[in-house]
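Enquirer: The structure is given below, and queries will be raised subsequently.
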Amino acid sequence: MTALLDIAVLIGSLRTNSLSRKLVTTLTALAPPSIKLELIEIAALSFYNEDEDSSPPAPWVSFRQRIKRADALLFVTAEYNRSIPAALKNALDVGSRPYGQSAWNGKPAGVVSFSPGTIGGFAANHHLRQSLVALNVLTLPQPEVYLGGLSDNAFDEKGVCVNAGTNAFLGKFMTTYAAWIAREPSKTVA
Ligand SMILES: Cc1cc2nc3c(=O)[nH]c(=O)nc-3n(C[C@H](O)[C@H](O)[C@H](O)COP(=O)(O)O)c2cc1C
């Protein structure tokens, strides 16, 4: 039997009732059986400070180790002021150091963005992809996912989306993503 691929899922929101978190619940429900999603919490990561590289805080160390273990990444992001939330950017920075030892290097990734407004987090989606290029993270090109008009009403009490059209689209995305990461296994470039 082929081993399940281990997917580290990252969101930028720190709030309890986050729509990002509910979307992760939905994507987990829609994921094919070949992959296993785990939401990696980033709230305990203090702001990255290069002075601390010689003696990094324990949450940085365990975060870097967890990302290194993952076969692939899945980013689910809201948009904050036409970019990604600062907490998510900080997680990218923490994982990228010490220099030459980035935890992100060579991982394949999917990007899902959303917004309660109409543009579906388009700016955040592409700001994130810009940083991922620098981090040598390969991102699935298609289908692009910009979910507009998302609100609490789209989810049931367990956090699963109740909109059949959205679920059909997200299910197709997850199937394509799972097939793509199986072809693009985690590669560490020397
Ligand atoms: C500081 C801040 C800035 C935001 N800026 C944008 C924005 O630029 N574009 C947008 O579509 N939504 C924006 N929003 C709305 C968020 O997309 C919305 O609150 C979303 O639900 C946050 O994700 P969460 O539910 O996972 O916490 C902003 C929200 C906050 C708190």
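Enquirer: Pulled fully out, how much extra length does the chain show between Thr175 and Thr118, if you take 0.36 nm times their separation in residues and subtract their Cα-Cα distance?
Expert: Separation in residues times 0.36 nm, less the Cα-Cα distance, equals 18.0 nm.
Enquirer: Same structure, new question: Just to be sure I understand: of the beta bridges DSSP finds with both ends in region 5-183, what percent are antiparallel, rounded to 5?
Expert: Percentage antiparallel, nearest 5: 10.
Enquirer: Please compute the modelled spin-label separation between Leu4 and Asn153, points set 7 Å along Cα→Cβ, answer in nm with one decimal.
Expert: 3.5 nm
Enquirer: Pop the C-beta distance of Thr16 and Gln130 into the FRET formula with R0 = 30 Å and round what comes out to the nearest 0.05. Mind dumping the intermediate values first?
Expert: Details: r = 29 Å, r/R0 = 0.98.
Efficiency, rounded to the nearest 0.05: 0.55.
Enquirer: Once you keep just the Cα pairs under 8 angstrom separated by 6 or more residues, what percentage relative contact order results for the chain?
Expert: Relative contact order comes out at 26 percent.
Enquirer: Given a Förster distance of 25 angstrom, what is the FRET efficiency for Ser55 paired with Asn90, based on the Cβ-Cβ distance and rounded to 0.05?
Expert: On the way: r = 19 Å, r/R0 = 0.74.
After rounding, the FRET efficiency stands at 0.85.
Here, each number is a calculation from the coordinates, and none is a lab measurement. Source: prediction; values computed, not measured. Positions of Cβ are generated from backbone atoms using ideal geometry, with glycine treated the same way; all protein chains shown enter the neighbour counts.
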